[in-house]
Structure formats: C-alpha cells, structure tokens
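K.L.:
Take this structure, written in structure tokens, and hold onto it; I'll ask about it next.
The values are calculated or read from the model by the stated rules, or taken from the named source; none is laboratory data. Every value quoted in this text rests on a predicted model; they were computed, and no experiment measured them. Every residue, glycine among them, receives a Cβ derived from its backbone with ideal geometry; neighbour counts consider all protein chains shown.
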Amino acid sequence: MVAETTREGETWYECEACGLLFDDRDDAAAHEENCDAEEPSYIQ
Ligand SMILES: [Zn+2]
C-alpha cells in the first residue's frame, strides 16, 4: 500500500515496495499497481 510521509511541511506518498516518492496519491497508487520491485529496498 501507499505510505504517507511528511517532509518540510509537504505530504508525499511513498511506494512501500520500492521506496519511490510521489506528490500525488493517485500517481503513487497507480505506480504500485505496476511496481515490479521484488524486494522492498528498506529491508536489508
Ligand atoms: Zn514501487
């Protein structure tokens, strides 16, 4: 799912699969549907 994060007063939407940031929730959701990241980058 899309994660919401706030940076310097602005809200961003992050793809939890690959960590990509979007300034629009719909863009983030559309990306996630097609995201082919096999491993979350934040899991080391
Ligand atoms: Zn992604």
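K.L.:
Collect the residues in segment 1-36 that are touching a residue at least 24 places away in the same chain (Cβ under 8 Å) and among the aliphatic types (A, V, I, L, M), keeping them in residue-number order. Talk me through it step by step, then tell me what you get.
P.N.:
Narrowing segment 1-36 to residues touching a residue at least 24 places away in the same chain (Cβ under 8 Å): 1-2, 16, 28-29, 32.
Scanning segment 1-36 gives 1, 2, 28, 29.
K.L.:
From the set of residues in segment 7-44 that are at pLDDT 95 or above and among the hydroxyl-bearing types (Ser, Thr, Tyr), which is surrounded by the fewest Cβ atoms within 10 Å (Cβ to Cβ)?
P.N.:
Among residues in segment 7-44 that are at pLDDT 95 or above and among the hydroxyl-bearing types (Ser, Thr, Tyr), the one surrounded by the fewest Cβ atoms within 10 Å (Cβ to Cβ) is 11.
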